[in-house]
Structure formats: structure tokens, C-alpha cells
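Data block below; observations after.
Each value in this text was obtained by applying a stated rule to the coordinates, not by laboratory testing. Predicted, not measured: the structure shown is a model, and the values here were computed from it. Positions of Cβ are backbone-derived with ideal geometry, glycine not excepted, and every protein chain shown enters the neighbour counts.
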Amino acid sequence: MTSSRFVTGSELWRAIRAEAETAMARDPIFGASLSAAILDHADLGSAVAFQIGERLGTRAAECRQFAQIARDAFREAPALVEAASRDLKSIAEHDPATTALLPPLLNFKGYVALQAFRVSHWLWSNDRTDLALWLQSESSDLLQVSIHPSAKIGTSVFLDHATGIVVGAFAEIDDEVTIMQNVTVGRRDGGRAPRVGRGVLLSTGATILGDVSIGDFAKIGAGAVVTQNVPAGCTVVGVPARLTNRPEAGLPAEQ
């Protein structure tokens, strides 16, 4: 099991609030925005819903509407808040650019885009497809992340830089995956969508197309075009992608 400084969601939320209070005391100008974003909320779900509203809405009424859609989803499906918690913990524990929780929650648009996708996927799964596609469209336009609501994405996922990311219909992405900017994961010729295993790294500009499986802890190099299966623990580069290594038999793949 991966170690964590925050065992429960309530501990995570207390840590976020403590960071916000410290930031408010250190910089009153920045701190002025923290009441609405953090301190006015009772839990992480409410704060994430607020961020979704602020990021996807272009007018005050839209901000409130998107935030309410997210709150309703979180109330009906608490697992969405647990996923948001895992995603945030993973960033704080593994991203060298930050060790805190507040910056990714407030400033990493990839984090908000991923939570907006989770809401849209919940809507899609509950036959509210028009509303789900509206959230996808707004995320694509305003955050430059377009994830079809029928896709399936695990937890502890990190969209790093989060610009130009496209994940098509019915794609499947497992836990602990890192996706860099300008990555495309989609079907080819209307066939089955890709399946991306646990702990995979999809580097900048990588393209994964068609009925392919990317094994656990594989690494896809920058600009690679993958149209064939990639074994677990392997690295592929180039156009078309080719293997640069193959794990020894019987040994677990390294991340």
C-alpha cells in the first residue's frame, strides 16, 4: 500500500484548511480569495464543486449552476469525493513541483478538469447524457481538456500541465496514471478504445489509438504513436512506437 500523510478524507480537509489559514496570514491579498474558495466550505466536496463552477462558468449564474450540479453528484455518489481526495493526495505526494495540497486544488486546472469529468461520467451513467456532454464541452473550451463522459478513469490520476488532452469515448484508464500535455487516447475506425493500465506514464504529445492495451507501469515516450499493445513495465518511443526495453521474466515492472 502506498504510504500517505492523510489517512482519511477529514484529515485531508483539515490539512487544506490549515494551509489556507497560513496562506491568509502570510499574504492578505491572496488570502482575501480563500474564504470563498476554502474557508466557507464544510468539506472537500463542497470546495471542489466551487472550483468546478468557477472554472467552467463564464457568468455568475453559470458558476452557481455548475457548482450545484457537482454538489448534487457528490451528495448522490460519495465515491466521487473519495476519488477527488485520492487525486489530490497523489499530486501532493508525487509531483516535484509541490508538496502542499492548496496549490493544486486552487491552481492546477488538470485537477479541476478531472473532477469535472468525474461528475460528467456520473451524469452519463445515470442517463443524463446531454448534461454530461455539456460539461465535457465547457471543460474542452475553457480548460483545454476533453474527456468523453463515457470514458472510465481510475483514481490517483494526474493530468500534468493539462493542455490539449483528449480522451475519447469508452477509453479506460487505470489508477495512478500520469498524463502530460497534448496527449490523445482514442478509438480508430470506430473500433474498441484503448485500455491504459495502472501506473502508466503518457508523455507529452503521445497518441494511443485503437484496440490496444498499455500494460501496468509502462512508459510511453514523448510524441510516440502507439497502435500496438505495450507489455507491462516496458518503454516505447517513436512513430510508430517501438520497444526500447523488456522486463526480465518473473520480475515486477518498475514505475
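Numerical summary
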{"read-out": "Net +/- balance of residues flanking residue 41 in space, Cβ distance below 12 Å, scoring K and R +1, D and E -1", "value": "0"}
{"read-out": "Simple Cβ-charge dipole of the range 168-255, Lys/Arg +1 and Asp/Glu -1, about Cα centre, in debye nearest 20", "value": "300"}
{"read-out": "Within the chain: Cβ-based charge dipole about Cα centre, in debye rounded to nearest 20 (Lys, Arg +1; Asp, Glu -1)", "value": "300"}
{"read-out": "Local electrostatic count, residue 126, Cβ distance below 11 Å [Lys/Arg +1, Asp/Glu -1]", "value": "-2"}
{"read-out": "Relative contact order for the chain, counting Cα pairs under 8 Å that sit 6 or more residues apart, in percent", "value": "9"}
{"read-out": "Between the range 98-126 and the range 191-207, the alpha-carbon center distance in angstrom", "value": "19"}
{"read-out": "DSSP bridge pairs, the range 101-255: antiparallel proportion in percent, nearest 5", "value": "5"}
{"read-out": "Approximate spin-label separation residue 68-residue 10, in nm, with each point projected 7 Å along Cα-to-Cβ", "value": "3.0"}
{"read-out": "Given 10 as the ceiling on other Cβ atoms within 10 Å, longest exposed-site-free region of the chain for GluC sites (Glu not before Pro) in DSSP loops", "value": "1-247"}
{"read-out": "Helical mean residue ellipticity (222 nm; -39500 (n - 2.57) per DSSP H run of 4+; nearest 500) of the chain", "value": "-13000 deg cm²/dmol"}
{"read-out": "C-alpha long axis of helix 129-143 to longest principal axis of the chain, angle in °", "value": "90"}
{"read-out": "Charge dipole magnitude, Cβ of K and R +1, D and E -1 - the range 1-144, Cα centre, debye nearest 20", "value": "120"}
{"read-out": "Whole-Å semi-axes of the range 1-144's equivalent ellipsoid (Cα gyration tensor)", "value": "24, 18, 14"}
{"read-out": "Filtered trypsin sites (Lys or Arg not before Pro), the range 45-128: DSSP coil and at most 15 other beta carbons within 10 Å", "value": "59"}
